[in-house]
Amino acid sequence: RAQALGEGALVLARELGDQAAQAKILWNLALAYYLDNKLERAIESGERSLALAREHNLREQMAQTLNDLGSFLYMYSGRLERAKEALREASVLWRELDNLPMLADSLASSAIAYVFAGEFDQAIAFSEQAYQISHSIGNLWGQSYSRWKVGLAHWERGDWSQAISTMEESIRLGELAGFVPPQANTRAELAALYGEL
């Protein structure tokens, strides 16, 4: 339904010549396609959104689209270098726009990309930056997300105590914030870590 509505809205935005609306609709379509497991179509929509946003200097839309290209579309299609670059650019824009919740989100997503790339020192550094920003603004969701995958980095480095405490913190904060992924995913990773020990 979201895809059908988005595709219809895109036709109207084109008829009206509304470039900003087209960029926003394409961004939303990218997320709808991603959630429907149409990854290549999602990437195509996201990149079209970004191109329009760049062309018309729509800085907030650029940041939003880059954030989701990096956090979801590139990362989960195995394009980690592109994910890291998109998130790096998104972080710069969020800083310029003084949007601290989204800056923390972008940095936390960067931490995940670096975990997946096996670059654990950078992952931990991004996680810490994201956590500090989220803590400073009282964002429990952001605090949990900043710790979501970085426990794996500590685990891979052989620092099991830190891995366990990081995973437990992500779960605890996720429960408080209503952020579901650590309540399921991180619990499974924590169980695997205990199993290995």
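The values are calculated or read from the model by the stated rules, or taken from the named source; none is laboratory data. The structure displayed is predicted, hence computed values, not measured ones. Positions of Cβ are backbone-derived with ideal geometry, glycine not excepted, and every protein chain shown enters the neighbour counts. Only protein heavy atoms, including side chains, enter the accessible area calculation; ligands, DNA and RNA are left aside. Shrake-Rupley method; radii C 1.70, N 1.55, O 1.52, S 1.80 Å.
Each Cα pair under 8 Å and six or more residues apart adds its sequence gap; the mean of these over the residue count of the chain is a relative contact order of 11 percent. For the pair the range 149-185 / the range 46-78, the C-alpha centres are spaced 28 Å from each other. For the pair His56 and Ser136, label points projected 7 Å from Cα toward Cβ lie 3.3 nm apart. Surface exposure of the range 41-197, expressed per residue as accessible area with a 1.4 Å probe, stands at 44 Å². Extension gain, Val92 to Glu47: 0.36 nm times the residue separation minus the Cα-Cα distance gives 14.4 nm. Can you bin the range 65-161 into rounded, prolate or oblate? Criterion: square roots of the alpha carbon gyration tensor eigenvalues sorted a ≥ b ≥ c, rounded for a/c under 1.5, prolate for a/b above b/c, oblate for the rest. Note, shape of the range 65-161 comes out oblate.
Protein heavy-atom surface of the chain, 1.4 angstrom probe: 53% of the accessible area is carbon and sulfur, with nucleic acids and ligands not counted.
One chain, two ends: Leu5 and Ala21. Fully extended at 0.36 nm per residue, the span grows by 4.4 nm beyond their Cα-Cα distance. Rounded to the nearest 20, the size of the Cβ-charge dipole of the chain about its Cα centre is 280 debye, with Lys and Arg at +1 and Asp and Glu at -1. A Förster distance of 30 Å, applied to the separation of the beta-carbon atoms of Glu156 and Glu85, puts the FRET efficiency at 0.85. Projecting the Cα positions of Phe179, Phe72, Leu5 onto the charge dipole of the chain (unit charges on Cβ atoms of Lys, Arg, Asp and Glu, taken about the Cα centre) puts Leu5 furthest along the positive direction. As a calculated quantity, the FRET efficiency between Leu12 and Ser77 at R0 = 30 Å, using C-beta atoms, amounts to about 0.50. Computed from Cα atoms, the angle from the helix 120-136 axis to the main principal axis of the chain rounds to 80 degrees. For the range 117-197, a crude dipole built from +1 on the beta carbon of Lys and Arg and -1 on the beta carbon of Asp and Glu, taken about the Cα centre, is about 220 debye to the nearest 20.
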